[in-house]
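Here's the structure, in structure tokens; my notes come after.
The values are calculated or read from the model by the stated rules, or taken from the named source; none is laboratory data. A quick note: this is a predicted structure, and the numbers were derived from the prediction, not measured. Glycine also receives a Cβ, built like all others from the backbone with ideal geometry; neighbour counts cover every protein chain displayed.
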Amino acid sequence: MFANYLIGLREGLEASLVVVILVAYLVRSDRRQLLPAIWTGVAAAVAISLGFGALLTFGPQGLTFEAQEAIGGGLSIVAVGFVTWMIFWMARSARGLSSQLRGALDAAAQTGRRSLVVVAMLAVGREGLETALFLWAATKAAARDNASTTAPLIGALLGLLTAVVLGVLVYRGALKLDLAAFFRWTGVFLIFVAAGVLAYGVHDLQEAGILPGLHSLAFDVSHVIEPGSLVGALLKGVFNFSPATTWLEAIAWWAYVVPVLTLFVRAVRRPATTAPAPQRGRTTEGATA
């Protein structure tokens, strides 16, 4: 549940910060009449994300076991790709997110209200689609192991609610977050979570007969870490750790963690590019991301 709480918190906080920046900029630039367009875009993004989650949940039903495993494994790998892209994008763009969104908002406002709806929908919807895909992979993994399928959803919901509260506090000026540190540490944690999802996706593809080596185990520590034990449940719920891991799963895990973690550490250590000084007579408005 904790891993899904963290996913919900991180994705929700990204979406909340986007909304905070857009709303704050419109309010401070005395364009409150455009706020309904922003909220319409946010509502559309939420509806699309929920619809996408429902499609993932009910779409594969009725297919053969092999087809379901093939779809599950493929989408799990896609989810890892999305999360990896999100981790690096936020590490690279967090400092300039506010100015990017304000520029997009100004351009959309000149075009019309529909453009504002699209800007808000795309900015928030990306986070929603990533969350839906990742949660679907988590619930499918729980179902395969006969664990609670509601725990990942509850964890993510709590994370999203926490993110909304933090967003409101940031907007009101009651809370200042060290976003660089937050996204840095959660990024490291999510790399290990994503590696577990990747290994799980590889196992699904082995179950489907697409990849070989289903019965070739790299290790089996089931006698030490029982799947039904508290430690086993925690490792499975947070990192998708399987006590009986095939060679292909182990290779995929290490082949992901080592290069991705190395590149991420280099990315966050890279000094930020100094932004050009604002022109005289102009002020910087909006929330800071």
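Worth a mention:
- The criterion of at least 1 residues that are closer than 24 Å to V193 by Cβ, in contact (Cβ under 8 Å) with a residue 40 or more places away in the chain and among the basic types (K, R) is met by the following helices (runs of 4 or more DSSP H) wholly inside the range 1-119: 2-28, 65-93.
- Residue that is surrounded by the fewest Cβ atoms within 10 Å (Cβ to Cβ), among those in the range 246-289 that are over 27 Å from I21 (Cβ atoms) and either touching a His at 6+ places or on another chain (Cβ under 6 Å) or at pLDDT below 90 (or both): R266
- For the range 201-210, the condition of being surrounded by fewer than 16 Cβ atoms within 10 Å (Cβ to Cβ), over 22 Å from the mean Cα position of the chain (by Cα), at pLDDT 90 or above and aliphatic (A, V, I, L, M) holds for at least one residue.
Yes/no per residue for (1) over 21 Å from M121 (Cβ atoms); (2) surrounded by 14 or more Cβ atoms within 10 Å (Cβ to Cβ):
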position	(1), (2)
G12	no, yes
L17	no, yes
V23	no, yes
A54	no, no
I71	yes, yes
